[in-house]
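The values are calculated or read from the model by the stated rules, or taken from the named source; none is laboratory data. It should be emphasised that the depicted structure is a prediction, and the values quoted were computed from it without experimental measurement. Cβ placement follows ideal geometry from the backbone for every residue including glycine, while neighbour counts extend to all protein chains displayed. Heads up: the accessible areas ignore ligands, DNA and RNA and are worked out on the full protein's heavy atoms, side chains in. Shrake-Rupley method; radii C 1.70, N 1.55, O 1.52, S 1.80 Å.
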2 protein chains.
Amino acid sequence: MYKINDNYQKLPGSYLFSNIAKKVAAFSEQNPDADIIRLGIGDVTQPIAPAMIEAMHKAVDEMADAKTFRGYAPDLGYPFLREAIAEKDYKARGCDIDISEIFVSDGAKSDSGNIQEIFAQDNRIAVCDPVYPVYVDSNVMAGRTGVYNEKTQMWSNVIYMPCTAENNFVPEFPKETPDIIYLCLPNNPTGTTLTKDQLQMWVDYANKNGAIIIYDAAYEAYISEDNVAHSIYECEGAKTCAIELRSFSKNAGFTGVRLGFTVVPKDIKCAGVSLNSMWARRHGTKFNGAPYIVQRAGEAVYSDAGQAQIKEQVGYYMNNAKVIYTGLKDAGYQVFGGVNAPYIWLKTPENMTSWDFFDFLLEKANVVGTPGSGFGPSGEGYFRLTAFGSYENSVRALERIKAL
Amino acid sequence: MYKINDNYQKLPGSYLFSNIAKKVAAFSEQNPDADIIRLGIGDVTQPIAPAMIEAMHKAVDEMADAKTFRGYAPDLGYPFLREAIAEKDYKARGCDIDISEIFVSDGAKSDSGNIQEIFAQDNRIAVCDPVYPVYVDSNVMAGRTGVYNEKTQMWSNVIYMPCTAENNFVPEFPKETPDIIYLCLPNNPTGTTLTKDQLQMWVDYANKNGAIIIYDAAYEAYISEDNVAHSIYECEGAKTCAIELRSFSKNAGFTGVRLGFTVVPKDIKCAGVSLNSMWARRHGTKFNGAPYIVQRAGEAVYSDAGQAQIKEQVGYYMNNAKVIYTGLKDAGYQVFGGVNAPYIWLKTPENMTSWDFFDFLLEKANVVGTPGSGFGPSGEGYFRLTAFGSYENSVRALERIKAL
């Protein structure tokens, strides 16, 4: 008789955003006239900009003609895209990343869920708390996290690094030494980040302790301050200890287009084994490439027109972030983030729990946000709003919140 | 110090098709004037048909407008596509599959590699021999296959079910009872298949022995005989023991477009746990949907125009299959497959090994095929040609082979 992977049974509840969707659907059914503004899930609302639309139309036409039709893509992604990435995301910032170190994928969510596969089961992971749920959940499924404590909402074999107002959202080196460290910077959900100097300390720590950093840089395009690194490879020594995940979802609005990439430097070796080769083998065995049409859209992101257009789009969202940030401040809230990231992280008023504040905001202002506790125990008492709505909705949401 | 997943080190060599690509590249470099015809990798050559091209252009335009823009897709895929699948692939064939049992993905390769994750590590898998490499390799990576024997080319903990000319390519029930049985029908690489009655016996066997069948029906569109099931759910009792994988790569030429789906019936339960819920959780945690544009193309496959166009395309390839099959017969080869599948499986002449015949065919006829031994030990002495080339190339390749 076959047996299931019991680790799945350990997962508490369902995926955070599915829970929110269900709650909102139930509210909406009971209040069909409510004009709900969604500043919850980190989904973008602006359309894909012209350079990428043009590239996709062109690629669709190529697929219609036997002479230009493309079947299976090269295992690691088309060179035209990987060369653009190497040039514009890395070389332009002084990082020496070769195209053989770049793996194109269907998005950073897949990569951040799958990357743990190349590591042994008995590695110990460390995550910031609060944290993007995929890092922990994918390790739960792999049996790496021990036992879940319902009360503390913590896993016995996960090292949590609290990031709260108390430590200015800067994770401290943990007491126990981790094997794999997940860092998402600029951070989802708190919208805060580290300076390059602070990040350098983590790179040094990883190299010193034989740890790997899984560096999720999905929000890199939102960095506005000069002392913040856009890539972990701007730090010295990162090429021996860091894997970087990148996304096109937030810089170019590709949440429904699906494209991302992962950098695994060839200098990362464990007992002589190249992690780059391992990831290449995983990629070649369990994945068959991102769509040609989508890879051409990705290439267009790096064109002059594409760069100008996505800069404008990022600017649009960051203006929303400002509206939300200053609006909440004016309304007397304690607010964080929103400067180098499209997320605004607020302290719930009057010691309300995150979910109580979720219900309060949904019922009284018809505004949907994300409960901080959904991202981990240290998120309790916090709440996330995103700048990915329209300008009009961001303004209206804040008017409602101010009127509460 | 972090540790790697040692199972990767057990994998012998690199992925079959990467090896072939390297060999062909080397030959091509040494013989720059050689006019190589590729009938090796199962990649299609005909362009995407008009109905799907039109759907993609329309979807691209929708992505350009804020009013019709689509961000993250629903976890399991858009209902418009899943409803078309439920109706046309299942209800029309008398199979009662609900849309909640259909999971849209970026392709059957990903699904066939990932599906093993929801099972415990100590399950024992059974595969046909020869077999599509992904089934075994993904289980190697998960540590489920034991030790590799270089000499026999077999894993100690995998049950092999030989499919050769001797048993007419019909796998026999193994002596040891497997937990998970992979069946690809119509079969890659042999191009043969089972009758519906023969498949029913496997469904009965699985139900009786508490085994799960992973049923890869990627070549379903090529079935030409009436007594062959298009879906395993045409067999009685399959909904309690079978997961079906489907692809748009071969019926609609989506190898570079990337779309597939998996059916996990809600009736499959292991000690009360629903495998449908587990796969939904996996899908929601480690995947973020197929591109909207691609899902619209998938929907168009089920339109009247789409159905007519893909039928014509499948007919085109099956005509190639006939050209290759009869050409090889005329040349004196022992040939199999090609009737319900786009693959032709031939016995190598004069007891040549599969790789020797690969080199012979590449050097003497400049034709690329796939060595049968690359698919497993029982594939030794066989060779695969695909019908996915152009008609002209299929004819030319056979002229060259006949002239050898």
Which listed residue, of A:Val273, A:Val263, is facing another protein chain (nearest Cβ under 9 Å) and of a type in the set (A, V, I, L, M): A:Val273
Hey, A:Glu350 without any contact (Cβ under 8 Å) to a residue 24 or more places away in the chain, within 28 Å of A:Pro162 (Cα to Cα) and out of contact with any helix residue (DSSP H, G or I) (no Cβ under 7 Å at 6 or more places or on another chain) or not: yes
Test: B:Ala86 is in a helix (DSSP H, G or I), in contact with a Gly (Cβ under 6 Å, 6 or more places away or on another chain), more than 7 Å from chain A (Cβ to nearest Cβ) and modelled with pLDDT of 95 or more: no
Close pairs (6 angstrom Cβ cut-off, 6 or more residues apart or separate chains): more than 7 Å from chain B (Cβ to nearest Cβ) in the range A:57-82, assigned to a loop (DSSP other than H, G, I, E, B) and buried (at least 17 other Cβ atoms within 10 Å of the Cβ) anywhere: none
The lone exception for A:Ser105 - which of (1) in contact with a helix residue (DSSP H, G or I) (Cβ under 8 Å, 6 or more places away or on another chain); (2) more than 11 Å from every other protein chain (Cβ to nearest Cβ) it fails: (2)
When residues of the range A:231-253 are limited to those that are touching a residue at least 60 places away in the same chain (Cβ under 8 Å) and small (Gly, Ala, Ser), the one farthest from A:Ala305 (Cα to Cα): A:Ser231
Boolean, B:Tyr325 is within 14 Å of another protein chain (Cβ to nearest Cβ), open to solvent by 40 Å² or more (accessible area, probe 1.4 Å) and more than 22 Å from A:Phe287 (Cβ to Cβ): no
Of all residues in the range B:8-20 being crowded, with 18+ Cβ neighbours inside 10 Å and more than 9 Å from chain A (Cβ to nearest Cβ), the one that is nearest to A:Ser274 (Cα to Cα): B:Leu16
Total residues in the range A:31-51, condition of a type in the set (Gly, Ala, Ser) and modelled with pLDDT of 95 or more: 3
Test for A:Lys250: is it assigned to a loop (DSSP other than H, G, I, E, B) and open to solvent by 10 Å² or more (accessible area, probe 1.4 Å): yes
Hits in the range A:274-299 - residues which are hydrophobic (A, V, I, L, M, F, W, C) and either in contact with a His (Cβ under 8 Å, 6 or more places away or on another chain) or open to solvent by less than 10 Å² (accessible area, probe 1.4 Å) (or both): A:Leu275, A:Met278, A:Trp279, A:Ala290, A:Ile293, A:Val294, A:Ala297
Unique residue being open to solvent by less than 30 Å² (accessible area, probe 1.4 Å), in contact (Cβ under 8 Å) with a residue 60 or more places away in the chain, of a type in the set (Val, Ile, Thr) and within 12 Å of chain B (Cβ to nearest Cβ) when the list is A:Val228, A:Val257: A:Val257
Any pair with Cβ under 9 angstrom, 6 or more apart, that starts in the range A:183-203 at a residue that is closer than 19 Å to A:Gln334 by Cβ and ends at one that is open to solvent by 20 Å² or more (accessible area, probe 1.4 Å) and assigned to a strand (DSSP E or B): A:Thr190/A:Phe336; A:Gly191/A:Phe336; A:Thr192/A:Phe336
Set A:Tyr160, A:Tyr148: member being surrounded by fewer than 23 Cβ atoms within 10 Å (Cβ to Cβ), under 20 Å from B:Arg282 (Cβ atoms) and away from chain B (no Cβ under 11 Å): A:Tyr148
Selection within the range A:94-140 - of a type in the set (Gly, Ala, Ser), in contact with a Phe, Trp or Tyr (Cβ under 9 Å, 6 or more places away or on another chain) and more than 18 Å from A:Phe248 (Cβ to Cβ): A:Gly94, A:Ala120, A:Ala126
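Residues checked against (1) open to solvent by 10 Å² or more (accessible area, probe 1.4 Å); (2) more than 30 Å from B:Glu62 (Cβ to Cβ); (3) at pLDDT 95 or above; (4) within 20 Å of the chain's Cα centre (by Cα):
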{"position": "B:Ala305", "(1), (2), (3), (4)": "yes, no, yes, no"}
{"position": "B:Gln309", "(1), (2), (3), (4)": "yes, no, yes, no"}
{"position": "B:Gly315", "(1), (2), (3), (4)": "yes, yes, yes, yes"}
{"position": "B:Tyr333", "(1), (2), (3), (4)": "yes, yes, yes, no"}
{"position": "B:Trp355", "(1), (2), (3), (4)": "yes, yes, yes, no"}
{"position": "B:Leu361", "(1), (2), (3), (4)": "no, yes, yes, no"}
{"position": "B:Lys364", "(1), (2), (3), (4)": "yes, yes, yes, no"}
Subset of the range A:382-404 [among the charged types (D, E, K, R) and assigned to a helix (DSSP H, G or I)]: A:Glu392, A:Arg396, A:Glu399, A:Arg400, A:Lys402
Residues of the range A:97-129 classified as open to solvent by 20 Å² or more (accessible area, probe 1.4 Å) and either touching a residue at least 60 places away in the same chain (Cβ under 8 Å) or not in a loop (DSSP other than H, G, I, E, B) (or both), total: 4
Answer residue from the range B:130-152, given it is closer than 18 Å to B:Asp179 by Cα and assigned to a loop (DSSP other than H, G, I, E, B) and is nearest to the chain's Cα centre (by Cα) among those: B:Val131
Subset of the range B:180-218 that is of a type in the set (Phe, Trp, Tyr) and more than 29 Å from B:Gly40 (Cβ to Cβ) - its residue that is surrounded by the most Cβ atoms within 10 Å (Cβ to Cβ): B:Trp202
Among (1) facing another protein chain (nearest Cβ under 7 Å); (2) closer than 30 Å to A:Ser274 by Cα - the single one B:Gln46 does not satisfy: (2)
Residue selected from the range A:27-51 under the condition out of contact with any Gly (no Cβ under 6 Å at 6 or more places or on another chain), in a helix (DSSP H, G or I) and open to solvent by less than 50 Å² (accessible area, probe 1.4 Å), by the criterion nearest to A:Ser303 (Cα to Cα): A:Ser28
Pairs with Cβ under 6 Å, 6+ apart, first in the range A:370-389 and open to solvent by 10 Å² or more (accessible area, probe 1.4 Å), second part of a loop (DSSP other than H, G, I, E, B) and of a type in the set (Asp, Glu): A:Ser373/A:Glu380
Failed criterion for A:Leu16 (all others in (1) in contact with a strand residue (DSSP E or B) (Cβ under 9 Å, 6 or more places away or on another chain); (2) free of Cβ contacts under 8 Å to residues at least 60 places away in the same chain hold): (2)
Failed item, numbered, when B:Ala92 is tested on (1) assigned to a helix (DSSP H, G or I); (2) facing chain A (nearest Cβ under 9 Å); (3) open to solvent by 40 Å² or more (accessible area, probe 1.4 Å): (2)
